[in-house]
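See below for the structure under consideration.
The values are calculated or read from the model by the stated rules, or taken from the named source; none is laboratory data. Keep in mind that what you see is a predicted model, and the values were worked out from it rather than measured. A quick note on method: Cβ atoms are made from the backbone with ideal geometry, for glycine too, and the neighbour counts reach across all protein chains shown. Calculation scope for accessible area: heavy atoms of the full protein, side chains included, ligands and nucleic acids excluded. Shrake-Rupley method; radii C 1.70, N 1.55, O 1.52, S 1.80 Å.
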Amino acid sequence: MKVLVCIKQVPDMESHFKPNGSGTWFSESDLAWRMNEYDEYAVEQAVQVKEKLASEPELTVLSIGPDRIGEALKKAMAMGCDRAVHVQDNDSAAKDPWQIASIIAAYAKAQGFDLIFTGMQSQDRGSAQVGAIVAELLEYACVTTIVGFEFTGGAVTVKRELEGGIKGVARLKPPALFTCQLGLNVPRYPTLPNIMKAKKKEIQTIAVADLLREEPLSATTSFHAPARKGGGVVLEGDVGPMVDQLLAILREKTSVLR
Amino acid sequence: MKALLIGEYREGKLLDTTYELLGFADQLGAEAVMLLVGSNDRLPAYGGTLYLADAAKCGEYNPDLHKQLILEAVGKEEPDIVVFMHSSYGWDLAPRVAANLRASQVSEVIGLSGGGFEVGCCNAKMRRTVKPATQRAVLTIQAGAFPVQQPGGAPQVQFLDPCGTGTVEFIGYEPAEAKDVDLTKAEVIVTAGRGVGKRDNVPVIQALAKALGGELGASRPVVDAGWLEHSHQVGTTGQSVSPKLYIACGVSGAIQHLAGMKKSDFIVAINKDRDAPIGEIADVLVVADVLQFVPALTAKL
Ligand SMILES: Cc1cc2nc3c(=O)[nH]c(=O)nc-3n(C[C@H](O)[C@H](O)[C@H](O)COP(=O)(O)OP(=O)(O)OC[C@H]3O[C@@H](n4cnc5c(N)ncnc54)[C@H](O)[C@@H]3O)c2cc1C
Ligand SMILES: Nc1ncnc2c1ncn2[C@@H]1O[C@H](COP(=O)(O)O)[C@@H](O)[C@H]1O
């Protein structure tokens, strides 16, 4: 059995974002990078599948991007992935979800994965498209937004999260793709011995040109900060005076202080 | 321009968001036709063409079958855009339909701008303008971003008959976890976000809630990490609240959180990041470390 998990490296969302030179995405200077939060759940689920199955499936982690994504791939291997595929692409941020999905599908097609895990969305672009498009291109069964996963007797039973906390329960058979939602599991922290072990695992590098055959279907024409509505008061400075200012505002504007 | 709108139906009911799709088409000035996998007994109140398939036959969640039905309606109507809600139903189906049509998909549209669509990015901190490069586009729209069209009229129904079974077998629904805390009645809610740092700091937030005679709320990561029970969660997958005072402590303001609390009468946000999107809806944004500010505030009450 073979399992694939797809991850994206994204900036820390607490960063200050500035438009890049072309004004169509953020400038990469002064950013700290990490694994997309949703993808941590995907990696954890893939590792749990591997640990549970006696057949010890081979677990591959794949990411598309520039050199810096090596860090995210190493983290995934320290969490338990066996090998990594780095699709080298210095311009991955300019690719649309259709192209990213096409690249993944082009790689996966020849490999015959039984299970594929992705995040439900990337935190920076947040399109929630790549996973489902990959499934469509590979003609795999697919369920998005899973918060529960159980693999027994050759079939997978999943729970998908719906609005208001209701869940939908569904069953499907491999080959199948799942997009993982927050709370699906508790992603592990890589331990020091596993970080050391991960250093010895293989990272295969593939040039993006070898996999990409598609033109983008959409274009980002502008990246910008939202217009501030400007109605709110912003308090800054020392804690003591801010507490007094806030209390004065609450006394004036609300009826909750007794 | 012609829009094919994909209505939503769940647990035997037509969802009200269906009227937001009509509001969106109206704002675009598009001619609207609709498709619904629902029931002839619960038709949407609108005066146009409705392609209807029976949910009792197709299943309420059957992505392969629903996709086929949508593609069939696309073939008949040749719409310029196919529009879904950005909901668990919409984001699941839209990419499948788009990939089949080789059409551009724009996700979670919040506005229109110069021939393109405005969408959020970077956890709602920033915006992008996206333009489809294909003739036909698939869109998902953010709940609440476009006005609801008042229901009225009766549709001309064209029945669609599904064929085949699909690769995903829908088993049923599991109800939301029982709520032992009813946040909807609270006058004051003080919410702990991931910015409180760790479980051991939650009592600091709880102390403020108590001093104000209010309830303790939580953002999703706080619940996912097990610091608080799900019954405290505010947002699209938690509770929707509208207290007199809502204090968000270390909450960034992601759309799914805002959807559950933006109707609060007065909103205070305490965040060390001046750019945090919660600042867009807060009446007061206190730029500070929660662990310094909150205890100091509690001490003065
Ligand atoms: C389908 C779906 C449904 C979802 N449903 C919900 C839902 O119902 N409810 C919900 O809340 N989320 C929901 N989410 C998740 C949501 O998208 C966000 O990930 C989540 O709301 C973020 O929570 P947060 O603001 O606590 O954490 P973060 O986004 O990590 O923000 C932490 C904030 O704390 C600030 N901070 C950090 N340290 C300090 C400090 N010492 N002092 C002051 N400030 C500090 C940071 O600047 C940051 O703004 C959902 C997501 C999806 C995809
Ligand atoms: N550059 C990438 N490399 C590998 N996987 C990706 C990449 N971009 C997106 N993905 C996967 O697709 C999911 C959804 O991304 P998106 O459609 O951009 O919201 C992510 O959670 C990842 O699992």
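Counting heavy atoms of the protein chains only and a 1.4 Å probe, report the per residue accessible area for the range B:257-301 as a whole number of Å².
Numbers: 1720 Å² over 45 residues.
That works out to 38 Å² per residue.
Amide hydrogen proximity for B:Ala53: with H placed 1.01 Å from N in the peptide plane, the residues at 5 or more positions away or on another chain lying under 5 Å are B:Leu36, B:Val37, B:Gly38, B:Leu160.
For the range A:2-210, what relative contact order do you get, as a whole percent, if you take Cα pairs closer than 8 Å and at least 6 residues apart?
Values: 433 pairs, mean separation 54.5, N = 209.
About 26 percent, as a whole number.
Using just its DSSP H runs of length 4 or more, each adding -39500 (n - 2.57), chain B gives a mean residue ellipticity at 222 nm of -7000 deg cm²/dmol after division by all residues.
Summing Cβ point charges (Lys, Arg +1; Asp, Glu -1) relative to the Cα centre of chain B gives a dipole of roughly 840 debye. For B:Gln105, the residues whose modelled amide H falls within less than 5 Å of its own, excluding neighbours fewer than 5 places apart on the same chain, are B:Val138. When chain A is treated as a GNM with alpha-carbon contacts under 10 Å, the residue of A:Thr118, A:Thr179, A:Thr157 showing the greatest mean-square fluctuation is A:Thr157.
The residue list B:Gly214, B:Asn100, B:Pro277 was ranked by how far each Cα lies along the charge dipole of the protein assembly as shown toward its positive end, using unit charges on Cβ atoms, and B:Gly214 comes out on top. Which of rounded, prolate, oblate describes chain A, given a ≥ b ≥ c as roots of the alpha-carbon gyration tensor eigenvalues and a/c under 1.5 marking rounded, otherwise prolate only if a/b is larger than b/c? The shape class here is prolate. Check each of the trypsin sites (Lys or Arg not before Pro) in the range B:196-271 and keep only those in coil by DSSP with at most 14 other C-beta atoms within 10 angstrom; list them in order. Loop-located and lightly packed - B:Lys198, B:Lys263. Which shape class, rounded, prolate or oblate, goes with chain B when its Cα gyration tensor gives a ≥ b ≥ c as root eigenvalues, a/c under 1.5 marks rounded, and past that a/b bigger than b/c marks prolate? Verdict is prolate for chain B. The trypsin sites (Lys or Arg not before Pro) of the range A:140-233 that DSSP puts in a loop, and whose beta carbon has at most 16 other beta carbons within 10 Å, are A:Arg188, A:Lys200, A:Lys201, A:Arg213, A:Arg228, A:Lys229. For the range B:153-220, with all protein chains in place and a probe radius of 1.4 Å, 50% of the accessible heavy-atom surface sits on carbon or sulfur.
Contact with the other protein chains removes 50 Å² or more of accessible area, compared with the isolated chain and a 1.4 Å probe, from these residues of the range B:261-275: B:Phe266, B:Arg274, B:Asp275. Inter-part distance, the range A:7-32 to the range A:230-258, computed on C-alpha centroids, equals 33 Å. Evaluated over the range B:2-159, the count of Lys pairs having alpha-carbon atoms less than 30 Å apart is 13 (only pairs 8 or more residues apart or interchain).
Take every DSSP beta bridge whose two residues both sit in the protein assembly as shown; close to 35 percent of them are antiparallel. Pairs of Lys residues in the range A:1-120 are counted when their Cα atoms are under 23 angstrom apart and they lie 8 or more places apart or on different chains; the count is 18. Surface analysis of chain A yields an accessible area of 42 Å² per residue, using protein heavy atoms and a 1.4 Å probe. Among beta bridges from DSSP that stay inside chain B, the antiparallel ones total about 20%.
Rounded to the nearest 5, the antiparallel percentage of DSSP beta bridges internal to the range A:2-210 is 35%. Solvent-accessible area of B:Leu101, all protein chains in place: 50 Å² (probe radius 1.4 Å, heavy atoms, ligands and nucleic acids excluded).
Quote the relative contact order of chain B in percent (integer), defining contacts as alpha-carbon pairs under 8 Å separated by 6+ residues.
Details: 639 pairs, mean separation 44.1, N = 301.
So the answer I get is 15 percent.
Buried surface for the B/A pair, taken as the accessible area of each chain alone minus that of the pair with a 1.4 Å probe, is close to 7000 Å² in total.
Between the Cα long axis of helix B:202-211 and the first principal axis of chain B there is an angle of about 80°, rounded to the nearest 10.
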